[in-house]
Every structure is written in C-alpha cells, then in structure tokens.
Amino acid sequence: PGHRVVLAACSPFLRDRFHMNPSQEVQVFPMAASEVVLQLLLSCYTGRLEFPFRDIVDYLTAASCLQMEHVVEKCRQSLSPCVASLITEEGEGEGRPGTPQIASSSERLASEPESLSGWPT
C-alpha cells in the first residue's frame with residue numbers, strides 16, 4: 001500500500017487506476033518504452049529525473065499519459081527554445097539543453113547533467 005500512495009501522489013492516472021482496481025496488480029498500457037516508464041516511476045521516489053535531450057518526446061508522451069504535469073511542464077520548458085528558434089529561424093539549435101533534468105520544486109532545470117549517485121545514466 002505504501003508504494004501506491006507514493007505513485008498516486010505523482011500521477012493522477014495511477015491514483016485513478018488504484019481506486020478502480022484495488023487488486024495487487026495494476027496494468028499500465030504501453031505508451032512508451034519500458035525504460036522511460038521505469039525512470040518516470042523511479043522519479044516519484046527520488047524527486048529527480050534526468051535523460052538525454054533526444055529522448056524528450058518519449059518522456060513528454062509518457063508523462064502526459066501518466067498525467068505527471070510537473071514532468072510535462074519541464075519538458076515543455078526545455079522544448080520552448082527549440083520551437084522558438086524554428087519559428088524565428090534565429091539561433092538554430094541554440095538554447096537546446098543537453099540533458100533535461102527534473103528535480104524537486106526547490107531546484108531548477110539545469111542544462112548540464114549532474115552526477116547522481118545510484119541513478120542509472
């Protein structure tokens with residue numbers, strides 16, 4: 001039950017699934033690669049998420065499906081400079097972070113990866 005509380009706090013989608021299906025197992029439809037979903041779920045416990053920029057669409061998609069708005073918003077913020085440069089055709093490729101990071105509300109999205117002990121990279 002403790003795991004359900006943590007996951008439900010991070011994901012309204014999972015919270016609703018737990019309420020609708022009180023059994024031991026809850027199946028999540030395949031929305032993204034299993035590694036992406038695993039990293040998102042681990043971030044519920046650690047409060048941190050780090051991934052290569054090239055995977056941002058996968059994380060944005062999976063976080064949207066899981067209704068993890070804090071992750072969705074950080075992905076949107078990371079993509080904004082890229083979209084803006086495509087629209088204005090200025091600074092092609094500038095402002096693109098190398099590794100989006102999503103941290104607790106007291107931390108900000110950083111453009112360079114940090115060393116995280118115990119976190120697979």
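Taking region 35-60, which residues are open to solvent by less than 30 Å² (accessible area, probe 1.4 Å) and of a type in the set (D, E, K, R)?
The answer is E50, and nothing else.
Identify, please: which residue in region 7-34 is part of a helix (DSSP H, G or I) and within 15 Å of V71 (Cβ to Cβ) and is, among those, least open to solvent (accessible area, probe 1.4 Å)?
Selected residue: L14.
Just checking, which of Y59, Y45 is without any contact (Cβ under 8 Å) to a residue 60 or more places away in the chain, more than 15 Å from H3 (Cβ to Cβ), hydroxyl-bearing (S, T, Y) and not in a loop (DSSP other than H, G, I, E, B)?
Y59
When the residues of region 77-101 are filtered to those that are modelled with pLDDT of 85 or more and surrounded by 14 or more Cβ atoms within 10 Å (Cβ to Cβ), which remaining residue is farthest from L7 (Cα to Cα)?
Ranking the candidates gives P81 first.
The values are calculated or read from the model by the stated rules, or taken from the named source; none is laboratory data. Because the structure is predicted, anything quoted here is derived from the model rather than measured. For neighbour counting, all protein chains shown are included, and Cβ atoms are generated from backbone atoms with ideal geometry for every residue, glycine included. Please note that ligands, DNA and RNA were not included when accessible areas were found on the heavy atoms of the full protein model with its side chains. Shrake-Rupley method; radii C 1.70, N 1.55, O 1.52, S 1.80 Å.
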